[in-house]
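Worksheet: the structure to be examined is printed underneath.
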Amino acid sequence: MTTGLFELHCAIDTAHNDKREVEDVVSKSTAETNREVASQLSNNLSRLLREFSRDFERRIWRALQARGYPDIRPAHGVVFANLGLGAVRVTELAERAQVTQQAMGKMLKELERLGYITRAVDSGDKRAREIKLTERGVQLATDSQQVVAQVRKYYEHKIGSQELQQLESQLRFAVGKLELDYLPESWADPLSGDPL
């Protein structure tokens with residue numbers, strides 16, 4: 001009888017150990033699956049483009065601050081990136097930047113208060129306002145172009161001139177093929193009118 005209980009106890013222990021081993025395998029499998037899913041979610045084209053863009057912009061804003069523009073914030077970039085050097089309306093800017101007219105209006109008021117833009121009544125439509133760069137805004141645009149060139153040189157040094165040129169070329173090709181319709185006219189190829 002004692003032997004029977006001992007065998008039963010050993011069988012129960014073995015069953016518990018087998019169950020733990022199966023749970024460990026399932027847990028490892030779940031953990032591995034979770035790692036794979038997390039890797040796929042955080043290591044994809046969208047994330048790579050976003051991180052590259054963030055680094056590029058961070059370098060630009062730091063350099064602009066060093067040049068005497070401490071009041072310019074990254075959020076202002078959507079205005080300058082879509083403004084161009086001619087007059088434009090708030091509705092156009094908001095559409096190009098893919099933000100609401102209210103959000104664009106708030107940024108424009110701030111930039112006007114800081115002296116980078118002016119807003120005047122549109123001569124063609126008295127209900128609309130034209131936005132133009134001030135002299136200070138034009139200087140910021142000029143300095144920004146120089147800073148972008150410096151950041152570009154940094155990237156050329158880090159990843160190679162040809163590689164950076166290929167990356168930009170491939171991105172422009174993709175943008176053209178995707179027919180992204182919210183791009184400013186300034187992105188159009190001057191010869192064909194097609195996006196670059």
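Structure values in brief
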quantity: Matching entry among Glu156, Glu112 (being at pLDDT 85 or above, within 24 Å of the chain's Cα centre (by Cα) and charged (D, E, K, R)); calculated: Glu156
quantity: Neighbours by Cβ (under 6 Å, 6+ apart or cross-chain): first from the range 154-176, of a type outside the set (A, V, I, L, M); second surrounded by 12 or more Cβ atoms within 10 Å (Cβ to Cβ); calculated: Tyr155/Leu164; Glu156/Leu164; Arg172/Leu196; Gly176/Pro195
quantity: Unmet criterion (only one of (1) of a type in the set (Val, Ile, Thr); (2) at pLDDT 85 or above; (3) outside any helix (DSSP H, G or I)) for Ile131; calculated: (2)
quantity: Residue tally, condition among the hydroxyl-bearing types (Ser, Thr, Tyr) and at pLDDT below 90, over the range 55-106; calculated: 1
quantity: Per-region count, the range 69-120, residues in a loop (DSSP other than H, G, I, E, B) and either in contact with a Pro (Cβ under 9 Å, 6 or more places away or on another chain) or closer than 15 Å to Leu133 by Cβ (or both); calculated: 9
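The values are calculated or read from the model by the stated rules, or taken from the named source; none is laboratory data. Because the structure is predicted, anything quoted here is derived from the model rather than measured. All Cβ positions, glycine included, derive from the backbone under ideal geometry; neighbour counts span all protein chains shown.
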